[in-house]
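A.B. asks: Once you've had a glance at the structure underneath, I'll fire off some questions.
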Amino acid sequence: MADSATKPRVLVVEDEDNIAIALDYLLTREGYSHDRVANGADAMPRIRSDRPDVVLLDVMLPEVSGYEICQDIRLDPDLRGVKILMMTARGSAMERRKGLALGADGFIAKPFELKELREELRRLVPDIAEGDDA
């Protein structure tokens, strides 16, 4: 396991429990330390306090949209190192362009294959790929 210093930390910002459960399974299996917030209003305070390596960010959230959160992360110089992988069920090219224009590091359409998500996470946090690859 890639636990030489600390596991890469992932914050899941997702309001749908069934998707959060699937993400919990994958992130645990891949060796990530992770937590979840279920609405947009709770995201920024948690991101500021926890400083995750990656934020898995749903676009459509209660209270504050994923686009607003993405923009807020990118406007905060203290959060410069945080990677953002946006997720949406409406994976249109326009949504993807908007997310990337706001500073997202990647964009994944739901429902996604676990393999696709794993590859995106390893691209964003390359040190996990250097660990043992079970």
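A.B. asks: Report which label in (1) 1.26; (2) 0.97; (3) 1.81 holds the value of Cα Rg over 2.2 N^0.38 Å derived from the coordinates of this structure.
C.D. replies: (2)
A.B. asks: Say each of residue 41 and residue 71 gets a label point 7 Å from the Cα, pointing the same way as Cα to Cβ; how far apart are those two points in nm?
C.D. replies: 2.0
A.B. asks: For a quick check, take a GNM of the chain with Cα springs below 10 Å and name the residue from 99, 66, 81 with the largest mean-square fluctuation.
C.D. replies: Of 99, 66, 81, the most mobile in the Gaussian network model is 81.
A.B. asks: If contacts are Cα pairs under 8 angstrom and at least 6 residues apart, what is the relative contact order of the chain in percent?
C.D. replies: Rounded, it is 24 percent for the chain.
A.B. asks: I've got another one for you. Would you mind pulling out the separation of the Cα centroids of the stretch 98-121 and the stretch 45-82, in Å?
C.D. replies: 15
A.B. asks: Give me the one-decimal nm value for the distance between modelled label points at residue 94 and residue 24, 7 Å along each residue's Cα-to-Cβ direction.
C.D. replies: 3.6
A.B. asks: When the accessible area of the stretch 4-97 is split by element with a 1.4 Å probe, what percent falls to carbon and sulfur?
C.D. replies: 50
A.B. asks: A follow-up question, please. Lys and Arg at +1, Asp and Glu at -1: add these up for the other residues within a Cβ distance under 11 Å of residue 120 and post the number.
C.D. replies: Combined, the nearby Lys, Arg, Asp and Glu give +1.
A.B. asks: In debye, nearest 20, what is the charge dipole magnitude of the chain about its Cα centre with +1 on Lys and Arg Cβ and -1 on Asp and Glu Cβ, if you could check?
C.D. replies: Its charge dipole is roughly 400 debye.
A.B. asks: Follow-up question, since we're still on this one. Only Cα pairs within less than 10 Å get springs; with that Gaussian network setup on the chain, which residue of 77, 111, 62 has the largest fluctuation?
C.D. replies: Taking springs between Cα atoms under 10 Å, the residue moving most is 77.
A.B. asks: If you don't mind, there's one more thing I want to ask. In terms of modelled amide H atoms, which long-range or inter-chain residues lie less than 5 Å from the amide H of residue 12?
C.D. replies: 35, 36, 37, 56
A.B. asks: Starting from the Cα of residue 64, step 7 Å along the direction of its Cβ; do the same at residue 50; then give the gap between the two resulting points in nm.
C.D. replies: Each label point lies 7 Å from its Cα, and together they span 1.4 nm.
A.B. asks: With the other protein chains left in place, how much accessible area per residue, in square angstrom, belongs to the chain at a 1.4 angstrom probe?
C.D. replies: 53
The values are calculated or read from the model by the stated rules, or taken from the named source; none is laboratory data. No experiment lies behind these values; they were computed from the predicted model shown. Positions of Cβ are generated from backbone atoms using ideal geometry, with glycine treated the same way; all protein chains shown enter the neighbour counts. Side chains are part of the model used for accessible areas, which takes the heavy atoms of the whole protein and leaves out ligands, DNA and RNA. Shrake-Rupley method; radii C 1.70, N 1.55, O 1.52, S 1.80 Å.
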